[in-house]
Amino acid sequence: MTAVGRFLTRRQNDGRQGARRWTVADVLTYGYLIAGVLIMFGPVAWLVLSSFKTQANLLEFPPTLLPLAQQTAEVDGYPNPLPLFDVAFEDGGVARLAQVRRVGLQAQMVDPADPGEIVRVAIDQRTPVRVFRLATENYTESFSRFNFATYLRNSVIVTVGATLITLIINSMAAFALSKYRFRGRNAIFLVIIATLMIPISVILVPVYLVITQVGWINSLWGVIIPGAATPTGVFLLRQYMLTIPDELLDSGRIDGASEWRIYWQIVLPLAAPALAVLAIFSVMWRWNDFLWPLIVLTRSEFFTLQVGLNAFQGELNVQWHYVLAMTVLTLLPITVVFSLLQRFITTGIASTGVKG
Amino acid sequence: MAATPNAVQRLNALAGDGVQRVYALAMNALGLIMEPAQKLLGVRRMAYLFVLPNLLVFAIFILFPMLLNVYYAMTEGGNLYPQDRPFVGTANFERLYTCTDYGDPNTCLEDRFWRAARNTGVFVFFQVSGMVLVSLITSMVLNRKIVARGFFRSVYFYPVLLSPVVVALIWKWILQRDGVLNAILVGVGLDPINFMLDGTWAMTWVILVSIWAHMGFYTLILLAGLQSIPAELYDAGAIDGTSTTQAFRHITLPLLMPTMMVVLVLSLIRAVQMFDEVFVLTGGGPGSATMLMVQYIYMTGFGTQNPRFGMAAAASVTLGAVLLVATLLQLRVGRGSERHLA
């Protein structure tokens, strides 16, 4: 036990100067971090716990921490399982009875061991017997109305397709802008930079018109293509490619490589770190994209997960047990990806911050 | 910009041999177009071919719509096609900006626009200042010598990855009348509050939830900034007997300023554009207490039976102008910070 304590409180200077005392700053630091874990993970954990509660359990106030469901028992002579209650009699006795039916303030109850005799009990004398149970039916039942597989497929197609297209066309443009001198280069770069911060939400109406003209309403292309020419991506990649020495390209040309081959066999592999960062950003943007898909996609077979979940919660505003379950399902894929790649993602994003 | 070699190795390991083969195959296939094109155009003009795909998408889906948007703002009616829309000149803007008293949205012709503008102002001010403060404190805590830094860093970053709809639903569930937060309030002897029916509370929670959802991103950027400050500076300070507060004021803050500016401007622009989380969490309600500018544009142009595309476009031209100013400001600040670093 003391060894564990020493391990947990060990600090960098240990060994050289012996164990240092905990300072006020250390206590504050770990207090802050632990509060942080509660605040950041708490809401998600509460969502997951709640999603496994029965509808009745969800309506309780104050809510129970764990999903609880009333215990039921099969009783001879009754076709359906009956709910169990602990009954406190006026003489001080306590019994566990099954409820047959409730009539006003009276409940008709039987002893599961002796189902012949019906006992009448005032309802305030009984308390339900509850056990921990995961209401997995929240998940299975909502599948008929929330087409998770379709939405997930659409989301994956949009995210992967858009990211690949973004990486290719952005890197091609960045290659031209960083490695060639041509008329109009500066003008093109300036126009791209000027729109760096203009979001699609500012030009909703005309982009909608363009999409209508192209015939991409209710098509995943309408979600994928408009955001593919990201100014951020061109800017990020160009800045990185500027650091690749031109001599490498020239030696490729001397060896007779075509410009295209120089691009994909020399420049792109060298720009891999910047491409990885852009890929992370693109996946985050596209997976979470909401407003634009909401406008382009109106038929449910084309919904992405976000649009589908929003429509589902709008339809079933009070049926929280279904909405919570599907919310958990929606956050599952990104959580799995993040837990596998979290180191890679966090270092990647941190590296853009300084010079981004 | 240097991603760690570790990250690259991981990517390579993940990608593997198969991906490389697919990559080579796809690139060779595209080469069937690009290599004959080089014979046709010559090396110099290949540059145009390389920018073409990006430029085409950019021109069709960003640049052209931007110009068209200005035209839309000068037309009226519910028809989507420009040729069916009567030209009205600056009438939409005049209507948008007509108020008898600019301090009171109720006196404006487009009272919802002004309410949205005011809400956006309140939201941006408190959200951005809260965001910068919380991210700064968190990054400084993470920069201390702590156990399991990677774990804690990921904890704060995790909500960034959650989609806005999921974030909004998580908090809608917590904040509802019979929700867990009210249970806690009752538990400590207070009265429950119907957060979503009170305008001030709703706005407060909209701000807090969006800070919760995005602070991890800015924390990471600030942490990277803190870690790029050379440790020798602090060592030198320690030798000279500098106190912690002095070190913060005279070493940390000035050297972190460029990163702080990046964070400030990025979060500012993102806050002005805020839509999704608020839309799902409150729907702009109660009443229009939390309706922000982008939601006004969406509601005016799309979320209604009688779309007023002209008015939506006029509002978005206004928003675009504000964002353009913010962007120019950032370029200015960016240049300033580069000078600062050099």
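The values are calculated or read from the model by the stated rules, or taken from the named source; none is laboratory data. Nothing here was measured: the structure is a model prediction, and the numbers come from that model. Neighbour counts are summed over all protein chains in view; Cβ atoms, including those assigned to glycine, are modelled from backbone coordinates with ideal geometry. When the accessible area is computed, the model is the full protein with side chains, heavy atoms only, and any ligands, DNA or RNA have been set aside. Shrake-Rupley method; radii C 1.70, N 1.55, O 1.52, S 1.80 Å.
Numbers at a glance
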{"read-out": "Average accessible area per residue (Å²) across chain B - probe 1.4 Å, nucleic acids and ligands excluded", "value": "48 Å²"}
{"read-out": "Partner aspartates and glutamates for B:LYS145 [C-alpha distance under 20 Å; skip if fewer than 8 residues away on the same chain]", "value": "A:ASP14, A:ASP26, B:GLU232, B:ASP235"}
{"read-out": "Helix A:204-214 axis, angle to chain A major axis (alpha carbon atoms, nearest 10°)", "value": "80 degrees"}
{"read-out": "Accessible area (Å², 1.4 Å probe, nearest 10) - B:ASP178", "value": "60 Å²"}
{"read-out": "Order by protection proxy (mean Cβ within 10 Å, highest first), peptides A:162-173, B:282-293", "value": "A:162-173, B:282-293"}
{"read-out": "Global geometry of chain A, whether rounded, prolate or oblate, following the gyration tensor of its Cα atoms and the 1.5 cut on a/c", "value": "oblate"}
{"read-out": "Euclidean distance between Cα centres, the range B:268-304 to the range B:156-177, Å", "value": "17 Å"}
{"read-out": "Where B meets A: accessible area buried, both sides, 1.4 Å probe, Å²", "value": "10400 Å²"}
{"read-out": "Peptide A:74-82, shielding by other chains (average Cβ, 10 Å cutoff)", "value": "0"}
{"read-out": "Global form of the range A:72-128, assessed from the alpha-carbon gyration tensor, a/c cut-off 1.5", "value": "prolate"}
{"read-out": "Cα gyration tensor, the protein assembly as shown - rounded (a/c under 1.5), prolate or oblate", "value": "prolate"}
{"read-out": "Relative contact order computed over the range A:93-207 (Cα-Cα under 8 Å; 6+ residues apart), in percent", "value": "10 percent"}
{"read-out": "Two-decimal ratio, the range B:34-125, of alpha-carbon radius of gyration to 2.2 N^0.38 Å", "value": "1.81"}
{"read-out": "Angle between chain A longest axis and helix A:185-194 axis [Cα atoms, degrees, rounded to 10]", "value": "20 degrees"}
{"read-out": "For the range A:229-243, residues shielded by at least 50 square angstrom of accessible area compared with the chain on its own, probe 1.4 Å", "value": "A:ALA229"}
{"read-out": "Distance from the range A:109-163 to the range A:22-89 (C-alpha centre basis), Å", "value": "14 Å"}
{"read-out": "Among B:VAL88, B:VAL317, B:VAL43, residue whose mean-square fluctuation peaks in a GNM of chain B (springs only between Cα atoms under 10 Å)", "value": "B:VAL43"}
{"read-out": "With Cα atoms, 0 to 90° folded angle of helix A:305-315 axis to chain A main axis", "value": "40 degrees"}
{"read-out": "For peptides A:90-101, B:113-124, sequence by mean Cβ density within 10 Å, most packed first", "value": "B:113-124, A:90-101"}
{"read-out": "Chain B, relative contact order [Cα under 8 Å, separation at least 6], %", "value": "24 percent"}
{"read-out": "Relative contact order (%) - chain A, alpha-carbon pairs under 8 angstrom, separation at least six", "value": "18 percent"}
{"read-out": "Spatially proximal aspartates and glutamates relative to A:LYS179 (Cα-Cα < 14 Å; intrachain offsets below 8 disregarded)", "value": "A:ASP246, A:GLU247, A:ASP250, A:GLU259"}
{"read-out": "Aspartates and glutamates with Cα under 18 Å of B:LYS172, excluding same-chain neighbours fewer than 8 positions away", "value": "A:GLU60, A:GLU315, B:ASP198, B:ASP276, B:GLU277"}
{"read-out": "Solvent-accessible area per residue, Å², over chain A with all protein chains present [probe radius 1.4 Å]", "value": "48 Å²"}
{"read-out": "Helical contribution to [θ] at 222 nm, DSSP H n ≥ 4, -39,500 (n - 2.57), averaged over chain B, rounded to 500", "value": "-23500 deg cm²/dmol"}
